[in-house]
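Comments concern the structure below.
The values are calculated or read from the model by the stated rules, or taken from the named source; none is laboratory data. Quick caveat, the model's predicted, so the values are computed rather than measured. So basically every Cβ, Gly included, is an ideal-geometry build from the backbone, and we count neighbours across all protein chains shown.
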Amino acid sequence: MSEAKKLAKEHFIFKQGQETLFGENDSIEDGIEKIRSKLSDLTNIKNLHFLLGAGASSDAIPAMAPLLEKVTKAVDNAKNFPDFISHPENLSHEEFKKLYQSVKHNAPNNLENILGTLYSKREYQKGVGETDSLNDCLIKLIESEIYSSINIDCTSAPAELSLDLYKKLYQKLSLRNKDLARVNVFTTNNDLLSETALGFLNINYNNGFSSGLSRTFNPARFSYTFSRKVDPSVEKYEPLENMVYLFKLHGSISWVESDENSFFNIKEIDVTPNEPPRDKNVLIYPTPLKQNKSLGSPYADLIREFQNKLLLQHSVLIVIGYSFSDEHINNAIYSALASNSSLSVIIFGNYYPKENLTRLTDRRIYQISGEVEVPTDNGVTRKKEKIHYFNYIVNNFIPDLDRSKDSEILEEFIKSMKSIGAQK
């Protein structure tokens, strides 16, 4: 079978519930076009939401496996601790390494479980009135390695690909039809790629913080609508088209606890790339205990906003790069599907049968994944790309939301006329 004759069903997963949406003889090109067409329809629904996980920033921020290697190397070289990590003067490097290796032995290749075990030990010791400076020091070192991996220069060469993808995504989302609601972007990522991309594009965004010199958190701001006056002679307004709502469900490296006179005591600050973590950073480190931490403010307020947005009638949630490892977020999605019959969920990634949503026959749930060959930059050789990766999704599937229906109809008409002409 030639390259052009390869069948979509053999290379891609495109399901609605448990029903495949490919025809028996659909080629790869037909399959890509069907996915693109369906997404074009679904993104034109009134309320559009995105859930972006670690996979969306993976070109700039290391995943768990390389991060574990980085932590292990830091532990091995931890004879001289940085000033920001407090530690007893008589700390034995061998004891320090022994503690890390013993915890790692029970959770091999899993940084989340390593950190979770250390957190659990610390909470237990607090409960019985004990302290363990060795355990606390190891937690600080691991957190600092994670933080430094996140706190990158988003404009540097290593982050260029990720930043460009975020810019493309927000460029497409910001110019949505003004008769539809503004796009809500929820993310579990703590990095500043979204904010950097939005700033580059001069796109207005609402992340729940006030403006001014002291930017404090207030979830009530998420209900604000930003409008402009269209007629100076009358009180007539229309919503800003160039607008995105950004919800950072696990906090951010630019958030710190503050003692200022505000209800939520969370402040947004300017962060210098590669600087060490602050004592009162507001972000959830990757551990199995993150659901428990997300019950507190501001995380509970952000999860509540997530739940409320998913309950809006005629909503679509597009899930990209999220591993379904946060039960609090998962439960919000399950609850919304149970309560809102007009909610559709599009899952990019192959999570079957691990994730509950992928096993349901519910036709409101779409699954998209697979691999396709694309030309390399030299145009001669070819390489394989995952169609459920952020790079491919942004470049090939996310439509320009400012395109009018008339232009789409015109394009379809021109395409059909060319097809008729080719058949003659």
Any hit, region 247-259, residues being on the phi > 0 side of the Ramachandran plot and either at pLDDT 90 or above or buried (at least 20 other Cβ atoms within 10 Å of the Cβ) (or both): yes
Count of residues meeting criterion [more than 20 Å from the chain's Cα centre (by Cα) and under 21 Å from Gln307 (Cβ atoms)] in region 338-360: 6
Single residue of region 155-166 satisfying the filter (surrounded by fewer than 19 Cβ atoms within 10 Å (Cβ to Cβ) and within 17 Å of the chain's Cα centre (by Cα)) that is farthest from Asn206 (Cα to Cα): Leu161
Which numbered condition Leu198 fails, given (1) farther than 28 Å from Glu143 by Cα; (2) in contact with a strand residue (DSSP E or B) (Cβ under 7 Å, 6 or more places away or on another chain); (3) part of a helix (DSSP H, G or I); (4) not charged (D, E, K, R): (1)
Every pair of residues 6+ apart whose Cβ atoms lie under 7 Å, when the first sits in region 57-71 and is closer than 19 Å to Asp153 by Cα while the second is exposed (fewer than 15 other Cβ atoms within 10 Å of the Cβ): Asp59/Leu161; Ala60/Pro158
Considering residues of region 114-136 that are out of contact with any helix residue (DSSP H, G or I) (no Cβ under 8 Å at 6 or more places or on another chain) and assigned to a helix (DSSP H, G or I) only, the residue farthest from Lys73 (Cα to Cα): Gly127
Set Lys15, Lys38: member being on the phi < 0 side of the Ramachandran plot and in a helix (DSSP H, G or I): Lys38
One residue from Lys34, Lys38, Lys46 being in the same structural domain as Val185 (by TED's automatic domain parsing), surrounded by fewer than 16 Cβ atoms within 10 Å (Cβ to Cβ) and within 30 Å of Val244 (Cα to Cα): Lys46
Residues that are of a type in the set (Ser, Thr, Tyr) and more than 18 Å from Lys34 (Cα to Cα), drawn from region 344-401: Tyr351, Tyr352, Thr358, Thr361, Thr376, Thr381
Qualifying residue in region 179-189 (condition: in contact (Cβ under 8 Å) with a residue 40 or more places away in the chain, of a type in the set (Gly, Ala, Ser) and under 18 Å from Gly251 (Cα atoms)): no
Search result, residues across region 167-192 that are buried (at least 22 other Cβ atoms within 10 Å of the Cβ) and among the acidic types (Asp, Glu): Asp191
Subset of region 137-160 that is among the acidic types (Asp, Glu) and assigned to a helix (DSSP H, G or I) - its residue that is farthest from Gln101 (Cα to Cα): Glu160
Pairs, first in a loop (DSSP other than H, G, I, E, B) in region 263-282, second of a type in the set (Phe, Trp, Tyr), C-beta under 6 Å, six or more apart: Phe264/Phe217; Pro276/Phe84; Pro277/Tyr147
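A quick yes/no check of all residues on (1) within 18 Å of Pro298 (Cβ to Cβ); (2) modelled with pLDDT of 90 or more; (3) assigned by TED's automatic domain parsing to the domain that holds Leu48; (4) not in a strand (DSSP E or B):
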site: Leu163; (1), (2), (3), (4): no, yes, yes, yes
site: Gln171; (1), (2), (3), (4): no, yes, yes, yes
site: Lys178; (1), (2), (3), (4): no, no, yes, yes
site: Phe186; (1), (2), (3), (4): yes, yes, yes, no
site: Asp191; (1), (2), (3), (4): yes, yes, yes, yes
site: Tyr205; (1), (2), (3), (4): yes, yes, yes, no
site: Phe222; (1), (2), (3), (4): yes, yes, yes, yes
Per-region count, region 201-234, residues small (Gly, Ala, Ser), over 12 Å from Phe247 (Cα atoms) and touching a strand residue (DSSP E or B) at 6+ places or on another chain (Cβ under 7 Å): 3
